[in-house]
Every structure is written in C-alpha cells, then in structure tokens.
Amino acid sequence: MSSALEKVVEAVRVLNHDTLSCNRVAANQWLLQFQHSHAAWEVATSLLTTSSLHLLPSDYNFEAHFFAAQILRRKIKSEGCYLNIGVKTDLLNALLLAAQRFSMGPSQLLTQICLALSALLLRMEDQKATIEQLFGSLQKLQVLDNGYIAVLELLTVLPEEVSEDLIGGTSADSQTRSCFKRELLSYTTTVLEFLIAQSERRLDDGLQFHERSRKIIRCLLSWVRADCFSEIQPASLAQHPLLNLVFNSLQISHSFDVAIEVMTELISRYEGLPEIFLCKVQYIKEFLLLPALISRDEKIIIGIASLLSEIGQAAPSLIAEGSNEALLLADALLSCFAFPSEDCEIADSTLPFWCSLAHYILGMEIKNGKRRVSFDVFCPVFSALLDAVLVRAQVDASETERLYIPDGLIYFRSNLEELLVDICQLLGPTSFVTKLFSGGWASSTQSISWKEVEARMFVLNMVSEALVQAGQPFDVSSVMHLVTILSNTKHDALNGLLALVYKTVGEVLGSYSKWFLSIAGPNLRHLLAFCASGIGQPICSKACSSALRKFCEEACSVIHEPQNLEILFWIIEDVERKNIAIEEEEEVVGAITLALSCIPNKDLKKTSLARLISSSYASIHRLIDADVDQSLRQDPAAYTVALNLAVRGFSRLGALFGHLTNPVLREVECEDDTVGTLVGILWPLLEKLFASSHMEHASLSAAACRSLSLAIHSSARYFLALLPQILDSLSTNFRMYQNHDCYLRTAAVAVKEFGHIEEYSSPCMSTFERFNSSASISALTSSYICDQEPDLIEAYASFASTFVTCCPKAVIAASGQLLEFSFQKAAISCTAMHTGAALAAMSYMSCLLDVGLTCMLESDASPCKESLSGVLVNLISRCGEGLISNILYALLGVSAMTRVHKSATILQQLATLCSICERTLWRSMLSWDSLSLWLRSSVQALPSEYLKPGEAEAIIPLWLKALENAALDFLKSAVAAGDNHVHMRGKGGRTLKRIIRDFAESHRTTLASNLNSF
C-alpha cells in the first residue's frame, strides 16, 4: 500500500476502534482535512478498486472501503462539476469496477458506491451519450459473475438520486435534472425487460430467491416513482408481468412491505388502477387480512390497511357506489380499524380513507340536494365505525394508579376530530348524540365504566363546534349526573383515570357552556363548584379553568348573585393556597375579573374587585416593607417565599387589567371610576417597588413590568398624567439592571400609547437617550456579543421601532443622533446567528427607511438638514456602507435564508432613497454613486474564503442592476398605490429577492458542507 493509503486506513481504524477518545478525535480531524484534499480522489479510488487490504481483518476492510465510497460521493457532489471530462470518465469506469467487485456485499458499501456513481452521472456534460454509455456498460456488467446484483442496485438508486435534493456541494439545477430524467426514462423498456428477465431466472449464486425478488421489486419501486409507466395504459399495466410479481410477493413475508409500497405508488399515480385493484379486494381480505388478524401479525395488517386505504382515497366515487367490492373494502378497513394494536398505528392509517369517503358522500348530498343511495348504504358503516372509535379511543388505565397514556393513543385521539365531525354530519346531530348516550351508563348509579365514559365525553367534546353550529341542544342531564358524581368525589380519589374523566367532562362543560347555563338556573353554583374542585388538580386544572372562564363570560346576568360571588371568591382563595401554575392562575383571575366587572352595583363592584386584588396587594406590600424591616432579608428561605408571592401577585394584577379591555367594560368606565381606583392602587405600589432593591430579581422585574404594560394597554387614559414618572422609573431601572429587557418592552408599550402626544415628547426622547447610553446597548459591537443577548436586542429594536412609528416627525427629526446610534447597533445585530434578534434589528432598520421614504415622497424633501428628510439622508450617508457590509455578512451565515426577505426589502428601500436623492439637491450627500461605492467596497472587503473564484467581480454589476430595477419598481408602485408599502411587488423587486436568495442559498450550502463532520 502507498503511504497515503496506509495513513487513511490507519486513521479509519483509530476512529472506529481506538480506546482513547483523544486519539479518535485526532483521527476524525485528520480525516476531515484529508477529504478536502486533492489526493483524496486517488486514494479513495485505489481503496475501492485494488485488493491491497487483504491482510487486514474483514471489519477493518469494510470500514476503509465504506469511508472511501463516502469520500468519493461527497467530493463528486461538491467538486464533480469542476472535473474535466477525461477524469470523470476514468472515475466512472473505476466506480463501475468497484460496483462489480463488491456486488456480493456488504450491501451498505455497494449502495454507497452506486450513490457515488449516480451523483457522477448527473454531472456529466453530454447526458445522452453518458446514459447510452452507461447502459452499454451495464449490459457487459450483468453477464459477469454476480454482476446483475450491482446493476440492480445502481438502477435502484439512480432514479432516486435524480429526484432527491442533494445535500452539500453544488447541487444540479432543475433543468439538468429534468434533462437527465428524460434521457433515463427513455430506457424504461430496457430496464423493465431486465427486471422481468431477472425475476424469471433461477440462479444458484448464494443469493436466496426471496432476497432477489425483494431487490427486483425495490428497483421497480424507484422507477415507478420516476413515472416509468406513464406511457402505458392502465388496462395493459394490469396484465404486466412485473405487476403480477408484485401482487404475488404480497404472500411472501420477506418482500411484503416493498410490494405494498409499489402498489400504493401505482394506485396514487395512475387512474384506472384503483378499479382494477378493487376487484382483488376479496382475495386480499380472505387470504391475507383475515389470517393476519387471527395470528395478530401487525406488519401484514398495517400493510393491507395502507393499501386498501390508498385504493379508497384514489377513487372515492367508486367506493361511494356501494358495490359488493366497495363494501368488502370498507368492511376490511373497519376490521383493521378495530384491531387492538397498542400504539393505534393501524387505526390511524385508515383515517384518511374514512374522511375522504365521508367528504365525497356529503358532497354528493349537498350537490344533488337529495339523499343518494350511497348515503343510505354507508350510514350503517359509519355507525359501526363510531362504535369502533368509542372503543379504540378508550384509555385503558386504573382509577387509582398513576395515569399513563401511550404516545400512539395520544396522537390517534388528536387526529380524530375531522372524522368525528364527518360522522356527526352523516348520521345527523340527534342520532350521533343519542348513540353517545346509549348503553345505560349515563343513568347508572352503581358500577360505571369510567374508561367508556371518558371516551364518550372525549368524542362529544371533539364535535362540539359542529353540534353548536347545528343549533340543536341535547339533553345535558346525563352530563350533569356526571358533574354531581365527580363533584362529590374526594380530592384524594381524583387520580389516574378518574382525573382524566374529570378533565374531559370539564372540557365538555366549556364547549357547551351556553347550553348548560340555559338550563342551569340555580344549578350554576354546582357548575362553579365543579370547576373550583378541578382547578389545581394536575390533569384537569386547565380544562376547569377554561370552563370557569366560559361561565363567567356568559352568565353575567346571574353571576353577581351573593351565593355565586362567594363561590368565586372561594375559588380565588383556594387557588392561592394551592400554588398552581401561574398561567392557570391568570386564567382564573381573568375569568373572575370578567364576572365582577359585570356587577351593576358600582359600590359592590368596587369592593369585589378590591377584594380580588387584596391578597396580591398584601404580598407586594410585604416585600416593599422588607426594605424597612430587615428581618425578612435576613431569612433567605422566607425572603424567597415572599418574592415568589409578590411575583404571583403581579401576575394576578396583570391578569385583572388584561381583562378590562372588553368593549362592554369601556362603556362602564365612563359611568364610574372603578378602573381609576384600581390604577390608583397599582401605580403607587409599582413606584415604591421600582425604587427598591428588590428589582434586581429578574422574575420580579418581569412580573411588575408585564402588569404595568397590561394596565397601560387596557386603561391608558388613567396613566397619561403619570407618563413622565413611568418612563423615568423604567429607564432608571434599566440602567441599574441592564440584563432585564422587560423595562425596554414596557417603555415601548408606553411610547406606543402616548408617543403621538407632543407635550410628552421630551420624556420619550430622554428615555431613548438613557437606553442608548447604557453599557449593555453600547457593548453591542459584534455578532458574537449580540448572540449572547438576543432578548435585549429584540426589546431594544422593538422600542426603537415604536419610537420611530409613533412619535411626531418633529420629534424624530430632533433625535438624529439617537437614531444614528440605534441604526448602527441594528446593523451590527443583523449579523447575529440568533434569528429572532437579527430579524428584529432588520425590522427596525426597514421601519426607519420607510419613514425616510415617506418623507422624501411627500413635500418634506427640501434640502434642510434640520428636517426629517435631512436628518435621515445624513444618517444614511454615514451608515450606508456599514449597513450593506453587515447585510452581506448576514447572508453568509448558516441561517441566512431566514433573512432573505428582510435583506431584500432593506436594499430595495436603500436603493430607492439613493435614486430619489439623485434627482434632488441631496445628491451631494447621497446618490447612486454612493450606493455603488458602498457595495463595491463591502464585497471586496469580504474574506477570500467566503466567495468563490471570480464571484466578487460578478456580484457587483448583477446586484447594482437588480437594485436599480427594484428602486424603479418601488417608485412606480408607490405612486400608483398612493403609499410606500410596496416592497417586492414589481418584477424588479422579485428579481432582487431571487438574486439575494440564490446568493444566500449557495453560500449556506457551501458553509454547511465545510462544517459537516465525517
């Protein structure tokens, strides 16, 4: 062996077998470098074509050969298009030789060699001549010892390689693939004749007959997916010898799954075949399905189910005719559906068939305006299907043990909604509900099958939208009977299956809340008590919280009665004791807020809302008092408890204000000062807390800021006079605790609500200046630093965008230095790998450019540096080059594709600004020459390894032309549309986006290839 070959073999051995991890890492690094070298071509080819490894153990041989095949495949994909024709031809012959050499395996190695061959063939210049040469070589290869095995494998992977998206390297374009596929399919007859001949041969070559049949069928599958039978009539196809081979292979376990795939592909691709296969359903059912059901062979059952389902989906009109064969198929699929597989995969695989058939039958009825024969024929079938659903959807769990639901059952139940709605429409709401409540379980007072009850309640909830829309209320007494039983159950007993039943009944109450309230009357407190008992229980808490919210929303006229109010307050007190998840607690507080806000008596409403927030107020005030009484600070455990209670207190206050946005409530606000009273309680509390040292805790800061944001959003007019103090507190605290981005987000909410009011411009500008002068914002000087603080960037960009869009033009014009600083930070941030941070920064820059374009397109285009146009032109003239440079870097990252649209929009806006200035007195500061210079210098400044040879020279004129056309499109569209929101509408804009997308895609692929480890 040569020295280089020996090193490769040894490195592969160390990588796979050395006991020291440091040696394995070193070997991996060496092999990564080697596979990018030019010498890898020769070494890998030699490994596959020579027998120089005969002295090594067999497993070492395989690993070295497999590595060589992988190397060649990867290098062909990434560098194959650069090889000259002579080298490609020699490599093609070498790979054919390797395929013949390893025709008897290992099979993984032969597959890799054939994949490398396919990748090379796709990159040959003269594809017609290449395909002709290939099939000539294959004819010679198949007559050699075991050569037909290599031919089979190559013919299997070749069509797949043509249709797949190549990963890494230089992928062949769609035109090349289409041309290659066309030439390849011209040899369909040759390939099919070869497969027929192989299926008829009886060879004693060590390869078992069933294994050979499987390889033949697998090869046929590849060609079927390539549309090899597109020119053959379905009637002729039904008699094709290979189709008979496939059908006969259904009886052979070894090839059953591949045969199913072939038949499924054929049925989905060619009209006429479903009718032919429908005639074979009786044979499939009697000789394949029924024995499999008896022997519980799930592999056969799921294969038959998928095949029959495909037949039905391909031709629902045939099935809907209700022929004997159609009913046999439906009965067979019903048997598959009812088969008790543990993961429900078999039943789940039939759902598309049942849905397509139901849709077709329902469509026939609507279209023709009368009940068709098929409707009457299949209603009993769907009734039986509903019975099967009620069994298959059951959770087989104990009433006392810990609940466990298999993932397969969870997935199956989540997919049932469409089918159940269809069955409900077919049977009719009344018949459907009657069937759910049949069986005597609903009135039983003794033994109740809870898993049956849960399944029926689950189904009832699934069809709630359809039943409510139908407007035919059912008798809810059976559900109320369950409510009574479950409400009287001790909390300790709500475990396992019983807890799941409680949850499902809670979902039913929420879904049909109007119907339950219409008959509840004095029983409303029973419904509220049921919800109260379920809230806080791990499984049913969310469902009961949601039901409570529905009742509070829809029972305004009776919810304020004393006994109902007491239950609501008992619920909130119980929730506080149980310490449930904050999200669920907010749901409960929001629901009760809605109820209390509907109280017609003003004094009662005030006292009730005050009682609702009393515990929150106490929790927060206790924490504030800790600055005076240091005893709490000195007890870390007690302080942590107090801190958590204060956080929960703010979350409850936020939920309260968040549910004061209802239009009905806004009318009430005009009549009394309830909301003003609440604000009078909240702000002094917040003001004291913002001034305390407790705000160093991120969770407390986030909760307090969220509460304030919701309050401002829902009750803005009560905070107007407080705006200077609010912004001062937020900006001061941010400078103290600069990792708390919540202050930026809340400030953005305040500016959005009040920024348009000129008299409050000064505090808005002052807040922006404070944020800019903070150390954390100033430190955003590189993409690496930006990736460490993605939330901070998103919050900062959001505030800056809000400032630009909500403040008056005069205020924006007076904030030139602030805008320039924030624009520079945004340009840097758009290079971050974190997608959210980068897109937020780009959105801000686009927003600012939009403001500039609006001014330039309006009358404010005078050459006055103090005008908004002047401020923005000055800003772009100083920051334009940095903007383009950073956008180029953003398009060179692994996640560049997510930034294509934003990048194209910004560049189009920038080009449009330069085009407008070209025709004005601003030309001396900003012009088309400026843009050309920025692009040229930015591209030339890129490191050489980032671009392909000659790419820099090609990019500049291509991009400039695209930018020019995109700018013209923008201006034309803006004039026609009367606004400036016209990005990417015209041909020029779309062309620019396509060019940028192609640039990002090509460099993303190259980068991924370089980073891909062995």
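Numbers for the structure displayed
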| quantity | calculated |
| --- | --- |
| Among residues of the stretch 682-712, those that are out of contact with any helix residue (DSSP H, G or I) (no Cβ under 6 Å at 6 or more places or on another chain) and under 15 Å from ARG745 (Cα atoms), counted | 1 |
| Inter-residue pairs, beta-carbon under 6 Å, first among the small types (Gly, Ala, Ser) and in the stretch 565-590, second in a helix (DSSP H, G or I) and surrounded by 15 or more Cβ atoms within 10 Å (Cβ to Cβ), 6+ apart | GLY590/ALA655 |
| Test result for LEU334, open to solvent by less than 10 Å² (accessible area, probe 1.4 Å), at pLDDT 95 or above, at negative phi and not in a loop (DSSP other than H, G, I, E, B) | no |
| Considering residues of the stretch 554-596 that are among the polar types (S, T, N, Q) and open to solvent by less than 10 Å² (accessible area, probe 1.4 Å) only, the residue nearest to LEU653 (Cα to Cα) | THR593 |
| The stretch 235-281, residues that are among the small types (Gly, Ala, Ser) and buried (at least 22 other Cβ atoms within 10 Å of the Cβ) | SER249, SER255, ALA259 |
| Members of the stretch 538-553 found to be open to solvent by 30 Å² or more (accessible area, probe 1.4 Å) and either without any contact (Cβ under 8 Å) to a residue 60 or more places away in the chain or over 27 Å from ASP492 (Cβ atoms) (or both), listed by number | PRO538, LYS542, SER546, ARG549, LYS550, GLU553 |
| Selection count, the stretch 714-740, where residues are closer than 17 Å to ILE757 by Cβ, at pLDDT below 90 and not hydrophobic (A, V, I, L, M, F, W, C) | 3 |
| Any chance SER477 is over 20 Å from ALA393 (Cβ atoms) and either surrounded by fewer than 17 Cβ atoms within 10 Å (Cβ to Cβ) or without any contact (Cβ under 8 Å) to a residue 60 or more places away in the chain (or both) | yes |
| Within the stretch 705-744, tally of residues that are open to solvent by less than 10 Å² (accessible area, probe 1.4 Å) and either assigned to a helix (DSSP H, G or I) or farther than 17 Å from PHE650 by Cα (or both) | 16 |
| Of all residues making up the stretch 597-611, the number that are open to solvent by 40 Å² or more (accessible area, probe 1.4 Å) and among the hydroxyl-bearing types (Ser, Thr, Tyr) | 1 |
| Subset of the stretch 375-406 (residues that are small (Gly, Ala, Ser) and either surrounded by fewer than 19 Cβ atoms within 10 Å (Cβ to Cβ) or touching a Lys or Arg at 6+ places or on another chain (Cβ under 6 Å) (or both)) | SER383, ALA384, ALA388, ALA393, SER398 |
| Tally of residues being part of a helix (DSSP H, G or I) and open to solvent by less than 90 Å² (accessible area, probe 1.4 Å) across the stretch 745-762 | 11 |
| Any helices (runs of 4 or more DSSP H) falling wholly within the stretch 1-114 and containing at least 3 residues that are at pLDDT below 85 and within 21 Å of GLU161 (Cβ to Cβ) | 58-79 |
| Qualifying positions in the stretch 302-322 - farther than 11 Å from VAL281 by Cβ, among the aliphatic types (A, V, I, L, M) and open to solvent by less than 30 Å² (accessible area, probe 1.4 Å) | ALA305, ALA315, ALA320 |
| Pair list, Cβ < 7 Å and 6+ apart or interchain, from the stretch 939-967 residues that are closer than 20 Å to GLY893 by Cα to residues that are assigned to a loop (DSSP other than H, G, I, E, B) | TYR946/LEU892 |
| Which numbered condition ARG1004 misses (of (1) among the charged types (D, E, K, R); (2) surrounded by fewer than 14 Cβ atoms within 10 Å (Cβ to Cβ); (3) at pLDDT below 75) | (2) |
| Options ILE726, ILE757, ILE777: the member that is free of Cβ contacts under 8 Å to residues at least 60 places away in the same chain and within 34 Å of the chain's Cα centre (by Cα) | ILE777 |
| Residue satisfying all of: in the stretch 512-531; more than 12 Å from ASN564 (Cα to Cα) and open to solvent by less than 40 Å² (accessible area, probe 1.4 Å); farthest from the chain's Cα centre (by Cα) among these | ALA520 |
| Lone unmet requirement of (1) part of a helix (DSSP H, G or I); (2) within 22 Å of VAL675 (Cα to Cα) for HIS526 | (2) |
| Selection within the stretch 378-424 - closer than 27 Å to GLU321 by Cβ and not aliphatic (A, V, I, L, M) | PHE378, CYS379, PRO380, PHE382, SER383, ASP387, GLU418, ASP422, CYS424 |
| Residues (in a helix (DSSP H, G or I) and open to solvent by 30 Å² or more (accessible area, probe 1.4 Å)) located in the stretch 776-807 | SER778, SER783, TYR784, ILE785, ASP787, GLN788, ASP791, GLU794, SER798, THR805, CYS806 |
| Selection count where residues are of a type in the set (A, V, I, L, M), assigned to a helix (DSSP H, G or I) and in contact with a Gly (Cβ under 7 Å, 6 or more places away or on another chain), scope the stretch 568-610 | 1 |
| Helices (runs of 4 or more DSSP H) enclosed by the stretch 393-441 - at least 1 residues per element that are hydrophobic (A, V, I, L, M, F, W, C), under 12 Å from LEU460 (Cβ atoms) and at pLDDT 90 or above | 417-427, 429-436 |
| Residues satisfying the stated conditions in the stretch 881-894, i.e. part of a helix (DSSP H, G or I) and farther than 11 Å from ILE906 by Cβ | GLU881, GLY882, SER885, LEU888, TYR889 |
| In the stretch 763-775, the residues that are surrounded by fewer than 23 Cβ atoms within 10 Å (Cβ to Cβ) and either under 12 Å from PHE803 (Cα atoms) or touching a Gly at 6+ places or on another chain (Cβ under 9 Å) (or both) | PRO763, MET765, SER766, GLU769 |
| Test set (1) touching a residue at least 40 places away in the same chain (Cβ under 8 Å); (2) of a type in the set (Phe, Trp, Tyr); (3) more than 26 Å from LEU308 (Cα to Cα) - PHE209 fails condition number | (1) |
| Those residues of the stretch 965-990 which are buried (at least 19 other Cβ atoms within 10 Å of the Cβ), modelled with pLDDT of 55 or more and either under 32 Å from the mean Cα position of the chain (by Cα) or not in a helix (DSSP H, G or I) (or both), in sequence order | ALA966, HIS983, GLY986, GLY988, GLY989 |
| Residues satisfying the stated conditions in the stretch 808-860, i.e. open to solvent by 10 Å² or more (accessible area, probe 1.4 Å), more than 17 Å from THR781 (Cα to Cα) and not in a helix (DSSP H, G or I) | PRO808, ALA814, GLU858, SER859, ASP860 |
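The values are calculated or read from the model by the stated rules, or taken from the named source; none is laboratory data. In this text, all values refer to a predicted model and were calculated from it rather than measured experimentally. Because the Cβ atoms are built from the backbone with ideal geometry, glycine has one as well, and the counts that use them run over all protein chains shown. Heavy atoms of the whole protein, side chains included, go into the accessibility calculation; ligands, DNA and RNA do not. Shrake-Rupley method; radii C 1.70, N 1.55, O 1.52, S 1.80 Å.
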